1. Of all residues in the stretch 100-110, which are in a helix (DSSP H, G or I) and over 16 Å from the mean Cα position of the chain (by Cα)?
2. Quick check on my filter: what residues within the stretch 124-144 are at pLDDT 95 or above and either more than 14 Å from the chain's Cα centre (by Cα) or not aliphatic (A, V, I, L, M) (or both)?
3. Does the stretch 3-15 hold any residues that are in a strand (DSSP E or B) and farther than 16 Å from Ala97 by Cβ, and which are they?
4. Within the stretch 185-200, work out how many residues are open to solvent by less than 50 Å² (accessible area, probe 1.4 Å) and over 17 Å from Asp90 (Cα atoms).
5. Does any residue of the stretch 40-57 turn out to be touching an Asp or Glu at 6+ places or on another chain (Cβ under 8 Å) and of a type in the set (Ser, Thr, Tyr)?
6. Please tell me if Asp77 is over 27 Å from Ala177 (Cα atoms) and of a type in the set (Asp, Glu).
7. Of all residues in the stretch 70-120, which are free of Cβ contacts under 8 Å to residues at least 40 places away in the same chain and surrounded by 15 or more Cβ atoms within 10 Å (Cβ to Cβ)?
8. If a residue must be under 15 Å from the mean Cα position of the chain (by Cα), surrounded by 20 or more Cβ atoms within 10 Å (Cβ to Cβ) and of a type in the set (Val, Ile, Thr), how many such residues does the stretch 27-62 contain?
Amino acid sequence: MIIAIEGIDGAGKNTLSAQLRDALGADTLAFPRYGASIHADLARDALHGRMGDLTDSAHGMATLFALDRAGAKELLDAYAGAPDHTIVLDRYVASNAAYTAARTKDPAAAEWVRALEFERLGLPLPDLQVLVDTPPEEARRRAQRRERTDVERTRDRYERDSELQQRTFAAYAELAAASWAGRWVRTAHAPTIIQAVENL
């Protein structure tokens, strides 16, 4: 079973993923896989201004993030359709769809991402997607606090752009409302997610 935890930067995805790992006895994986994937590391370099104008290309960045996930396809395939074998993902394909739609201001970009990742790259569909329902302003404050207390968590170009975060949250809400790529639940509480998992 694949459970994808989605949301904007500072929403609390990592905390919720850890809670679900403990409650469900699940494995976890965070995307982007910084330090483990050349595509993720190139994307990080771009987000911190070290790759020229690459970050200006929404589709170029989306492709790097997609290729990072494609590098984990064999691992993810082992959880697809396996109800007794669960992995909780801190971000998955919907993240790429929401950010790309928000950056391009084109809702059709979400379908471009769907075709790229699920069709062309063959990534497995998630069994459940969770939109961590944290208001963008609260998420921004959390990301700022995190940056002040952890030198490893300097905010990148996306994280510093509060307007982008607002648009991305709206794009996520549209994806959830449309049941994009499967079932969704909107919550910031682990018990609600566990109940949704039990009802699958």
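1. Let us first name the residues in the stretch 100-110 that are in a helix (DSSP H, G or I), namely 100-104, 109-110.
Across the stretch 100-110, the qualifying residue is only Thr104.
2. Pro124, Pro126, Asp127, Gln129
3. Pass one, the stretch 3-15, residues in a strand (DSSP E or B): 3-6.
Ile3 - this is the single residue of the stretch 3-15 that is in a strand (DSSP E or B) and farther than 16 Å from Ala97 by Cβ.
4. Here the count works out to 1.
5. Applying the first criterion (touching an Asp or Glu at 6+ places or on another chain (Cβ under 8 Å)) to the stretch 40-57 yields 40, 43-44, 47-48, 51.
From the residues that got through so far, the ones that are of a type in the set (Ser, Thr, Tyr) too are none.
Scanning the stretch 40-57, I find no residue that is touching an Asp or Glu at 6+ places or on another chain (Cβ under 8 Å) and of a type in the set (Ser, Thr, Tyr), so the answer is no.
6. no
7. Selection gives Gly71, Asn96.
8. Here the count works out to 0.
The values are calculated or read from the model by the stated rules, or taken from the named source; none is laboratory data. All of these numbers come straight from a predicted model, not from anything done at the bench. Neighbour counts are summed over all protein chains in view; Cβ atoms, including those assigned to glycine, are modelled from backbone coordinates with ideal geometry. Accessible surface areas use protein heavy atoms only, side chains included; no ligands, DNA or RNA. Shrake-Rupley method; radii C 1.70, N 1.55, O 1.52, S 1.80 Å.
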